[in-house]
Amino acid sequence: MAQLWDLGVRGSALDVVAAWKETLLLAALLVVAWHVRRRPPVKIADVLAASYAVIVLVYAAIPQHVLAGEATTRGELLALRHHLLPVAAYALGRLVWIAWGDRRQLGSLIAISAFLVAVVGLLDLGLVSLQAWRDSGVPGWYREQLGLDYRGLSGLPENWVYNTGSEDNPIRRLVSTFLSPLASAYVLVIALIYLVGRPLRWWSVALALLLYVALLYTHTRAALAAFVLGLVVLALAQRRVLPLAVAGAAVAAGALFLVAYPTVGPTTSYTQEELEFLRENARKQGGTSGDPFAGNESSTASHFRNLRAGIKVVVHHPQGFGLGNAGVTAKRTGVDVRAGESTYTELGVDAGVAGAVAFILWNLAVLAGLLRRESWLAAAFVAVLAIGLQTDVIGIHWIAFTVWAAAGLTLGQPRRVRGVDTSVLPLAVGPAAVEAPPPEGADAGVAEDATVGP
């Protein structure tokens, strides 16, 4: 999108092009709905997903002035898309299961995506200068197309570099195809949990090491913590020691890397204009630490401050302000940002406590179903929900599409039997497949009859 902006495709034309993901999702829903001819059995998670969607639609219909909101019509539409994307993706997964019951390729597709993200990101760090990005279409795309005016790095998002506290030693972070260290890190976390949850192979170990190196270079502490949390959940779900051992190694390696990053990370430099802005910003902030483990480290302090402020707003105004009054959507449309960063506080502002609670209950129901069917996806889902505490995780479209579609697809599968993860069983699934447990005495070698067609 940034390259198209640089080539002169701008304004409404670029908005249309940028909607390719939503167009693809809508087309897939229509095609699959036409193809399957029947609906899947309704689950509690489906009812909760529909309840959440209804609440969001109701808030979209309420005039802004009724709830003291200030969002524009464009902001309301952007927020509606933002909040309903995971529901649409989940619905697609629930429908796709009927036509495509073999979900064993899901993890492999995610791993391939993460491999590309890692390779592109590492090559960018090694071969492309920050000045090349300053001269690209990225600053203009963010500023003029998205309405996000970043000043600390010549129009690039400030989190592209790690500020060591020294004007002469800023360190670049891996941003890859997402143009974001955060989004790149979260994709890598999901793929890593999948790889650790699978049987060990030489190629999976090599790929996991590559992805973990890329994850470290994103310098995203929330992702490193979420990875460890996901591994703990994976160990409990699979009753395996290996994920716990990997979690311990990840804690040690991550801590060492964070400490060493100012000396081993790819260095860059600030322009004179950037230095002037950063000096002024530092004077305003004051009292923050450069220690990555300190509670008053600038990024950590900012996250906690935003989370506390968002919670306070939701508690004092539980009915919400209406769609478009929170997060990046509010910032893009020039209205007061009532809450930012956290998925849950943004939902509380846009759709009230009712919307936030409905979203949480829906995802807890999804998680309960995943724990009984696909341990690695359940662990990754926990990591994503945890990340949502300090990041607008559903605002990352790759996650909104991929994770919730994968969850919807997986919920159509039979539950695990006797501690065996059905994801590793060769299931035979046809258009009229029915859920049934394996016959008594069945093991992985004779599990083809676990699910039968006509």
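Brief remarks on what is shown
- Restricting attention to segment 107-137, the residues that are more than 20 Å from Thr267 (Cα to Cα) and either in contact with a strand residue (DSSP E or B) (Cβ under 7 Å, 6 or more places away or on another chain) or in the same structural domain as Thr267 (by TED's automatic domain parsing) (or both) total 1.
- Members of segment 304-339 found to be of a type in the set (S, T, N, Q) and more than 13 Å from Glu70 (Cα to Cα), listed by number: Asn306, Gln319
- Some residue of segment 378-390 being without any contact (Cβ under 8 Å) to a residue 40 or more places away in the chain and either within 14 Å of the chain's Cα centre (by Cα) or buried (at least 21 other Cβ atoms within 10 Å of the Cβ) (or both): yes
- The condition of being farther than 28 Å from Gly340 by Cα and outside the structural domain of Gly352 (by TED's automatic domain parsing) holds for only one of Leu4, Leu25, Leu14, that being Leu4.
- Residue satisfying all of: in segment 118-133; of a type outside the set (A, V, I, L, M) and touching a residue at least 40 places away in the same chain (Cβ under 8 Å); surrounded by the most Cβ atoms within 10 Å (Cβ to Cβ) among these: Gly121
- Segment 1-16 residues that are touching a residue at least 60 places away in the same chain (Cβ under 8 Å) and within 22 Å of Ser176 (Cα to Cα), paired with ones that are part of a loop (DSSP other than H, G, I, E, B) and aliphatic (A, V, I, L, M) (beta carbon under 8 Å, 6 or more apart): Ala2/Leu179; Leu14/Met1
The values are calculated or read from the model by the stated rules, or taken from the named source; none is laboratory data. In this text, all values refer to a predicted model and were calculated from it rather than measured experimentally. Here the Cβ is made from the backbone with ideal geometry for all residues, glycine too, and neighbour counts use every protein chain on show.
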